[in-house]
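Take a look at the structure below.
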Amino acid sequence: ALLLLTMWILSRVKDVTQRGFLLRVMGVAAVLRAATIGLVYGLFSPMIFAPDTGYYRVQGQAVARYWQGVAQAPDILDRWQIGYVYLNAGVARFLDDPTWAMVVFNTFVALWTVIIAFLLARSCFGLVAARITAVLVAVFPSMILWSVLNIRDSLTTMVVTAVVLLGVRMYQQTRPRDMLLFVLGLLVLSTLRDYMLVLILGGLFLG
C-alpha cells in the first residue's frame, strides 16, 4: 500500500524526465536507509541514537491496550501533541510492537519528502535547485537516521515541507483544495510539534 501511494505521489510530477530522475534519487535514498537499518539495528541499538524511540513504543502500546479495554487510560491522553503516539497505538493495536512497522512507514515518509521538497524548490527557484534539493534531502545524514527510527522527526519534516509547498501554491493561485489541505496540514503538525506553526506561518507571512 505504501509503495502504491509512493508511485501515485510520484505521478504528480508530470515531466517524464524529472520523474525518472526522482525515481533514481529515491532508489538511492532507499538503499541508504536499508543499509542504515542494518547498522542501527544489527550492530548498534536505536536507543543510542534516539532514546525516545522506547517512549513512543511504550506509550503507543499503552494507548492500544486502553482501546482494547484491558487497561486504564494513560495520562498522555490529556495532551495534544500525541499524534505520533496515536500512530504507534494504531499499529500496536494489531501488531503489539509497532517498532518495525513505524520504521517502514518513516522510510517511505522520507521518500515522499524527496518528492515534495523537489516540487517546493522547483516552484521557488527552478529546476536546477529542485534537483539539488532532492539529492540533499535523500542523502543528508540526519534525514537518513531520523527515517530509520521510531521517532516523529521524519513525519514532522514531511508535513512541514508539504505545508510550505501548499503555502507557496496559494501565493500563486488560491484554490479551495489547497486552502483546506493547508489547514489540515497545520492541524496535523500541531499534534506533532505545535511550535512549528509559529515558524511556518511567520515564514510564509514574511515571504
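The values are calculated or read from the model by the stated rules, or taken from the named source; none is laboratory data. Here the structure is a predicted model, which means the values were calculated and not measured. With ideal geometry, Cβ positions are generated from the backbone for all residues, glycine too; neighbour counts draw on all protein chains shown.
One line per residue, one yes/no per condition, for (1) in contact with a helix residue (DSSP H, G or I) (Cβ under 6 Å, 6 or more places away or on another chain); (2) of a type in the set (Phe, Trp, Tyr); (3) loosely packed, with under 13 Cβ neighbours inside 10 Å; (4) in contact (Cβ under 8 Å) with a residue 60 or more places away in the chain:
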residue: 1; (1), (2), (3), (4): no, no, yes, no
residue: 12; (1), (2), (3), (4): no, no, yes, yes
residue: 23; (1), (2), (3), (4): no, no, no, no
residue: 29; (1), (2), (3), (4): yes, no, no, yes
residue: 32; (1), (2), (3), (4): yes, no, no, yes
residue: 40; (1), (2), (3), (4): yes, no, no, yes
residue: 79; (1), (2), (3), (4): no, no, yes, no
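Listed here are the residues, each with its yes/no results for (1) modelled with pLDDT under 95; (2) over 10 Å from the mean Cα position of the chain (by Cα); (3) outside any helix (DSSP H, G or I).
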{"residue": "134", "(1), (2), (3)": "no, yes, no"}
{"residue": "144", "(1), (2), (3)": "no, yes, no"}
{"residue": "154", "(1), (2), (3)": "no, no, no"}
{"residue": "162", "(1), (2), (3)": "no, no, no"}
{"residue": "170", "(1), (2), (3)": "yes, yes, no"}
{"residue": "184", "(1), (2), (3)": "no, yes, no"}
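Among the candidates 128, 91, 135, 109, single out the residue that is of a type outside the set (Phe, Trp, Tyr) and in contact (Cβ under 8 Å) with a residue 60 or more places away in the chain. Reasoning before the result, please.
Working: 128 fails: in contact (Cβ under 8 Å) with a residue 60 or more places away in the chain; 91 fails: in contact (Cβ under 8 Å) with a residue 60 or more places away in the chain; 109 fails: in contact (Cβ under 8 Å) with a residue 60 or more places away in the chain.
Every option except 135 fails the conditions.
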Restricting attention to the range 134-155, the residues that are surrounded by fewer than 20 Cβ atoms within 10 Å (Cβ to Cβ) and closer than 28 Å to residue 14 by Cβ number exactly 4
